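The values are calculated or read from the model by the stated rules, or taken from the named source; none is laboratory data. Only a predicted model underlies this, so the values are computations on that prediction, with no experimental measurement involved. For neighbour counting, all protein chains shown are included, and Cβ atoms are generated from backbone atoms with ideal geometry for every residue, glycine included. Accessible surface areas use protein heavy atoms only, side chains included; no ligands, DNA or RNA. Shrake-Rupley method; radii C 1.70, N 1.55, O 1.52, S 1.80 Å.
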Amino acid sequence: MKRSHVMMLRMLFWALNIVIAGVILLFLYPVFLMFREMHSNPAISGSSGMILFGVFLRAFYLGGLIYILVLLNKTIFRILKGHVYDLFNLRNIRRIGYLLLLAPVPSMLFALLLIAGSETGGGMGVMMFLDGILNYWPYCLLGVGLLIMAVIYKKGITYKQELELTI
């Protein structure tokens with residue numbers, strides 16, 4: 001691999017580490033503010049079950065995002081170490097594709113629960129569900145693209161294995 005490609009991959013590796021730390025802090029700050037508000041204002045504690053469920057779904061979503069970034073970081077690290085055509089990298093690429101396909105499910109589930117629990121016909125839950133459907137296509141496109149890339153990557157692994165057997 002060229003030296004310039006290695007340098008770019010190293011910069012991407014460290015940039016992903018910074019982004020992972022930033023996403024973790026991005027999640028922890030609103031959780032801290034919510035718990036502080038719940039303990040200081042007793043009127044909010046009556047609807048705390050739905051608030052905590054929303055925080056759980058947000059944590060699930062951001063946890064999936066962090067896991068996607070960690071898998072991408074592991075793949076880049078293995079490529080930097082010289083393991084380009086590796087079954088471990090293929091498994092990571094497939095997992096990232098499937099996780100991207102499942103990324104908007106928690107928010108859509110929360111919207112469906114809001115619709116089911118509403119006496120007025122949905123309101124905010126319907127808007128959240130429509131927002132989830134309209135924002136789903138980029139995740140779906142990226143997930144399907146990565147799964148197609150995984151199939152191509154698997155072909156490259158089989159070609160490499162066949163090449164090693166003929167020598």
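A few points about this structure:
- The helices (runs of 4 or more DSSP H) located wholly in the stretch 64-167 that include 3 or more residues which are farther than 28 Å from residue 24 by Cβ occupy 105-117, 124-134, 136-166.
- Residue 10 passes every criterion in (1) surrounded by 13 or more Cβ atoms within 10 Å (Cβ to Cβ); (2) at pLDDT below 85 apart from (2).
- Qualifying position, being over 30 Å from residue 2 (Cα atoms) and in contact (Cβ under 8 Å) with a residue 60 or more places away in the chain, among 90, 134, 113, 100: 113
- Among the candidates 155, 160, residue that is open to solvent by 60 Å² or more (accessible area, probe 1.4 Å) and in contact with a Phe, Trp or Tyr (Cβ under 6 Å, 6 or more places away or on another chain): 160
- Qualifying residue in the stretch 47-64 (condition: loosely packed, with under 15 Cβ neighbours inside 10 Å and at pLDDT 85 or above): no
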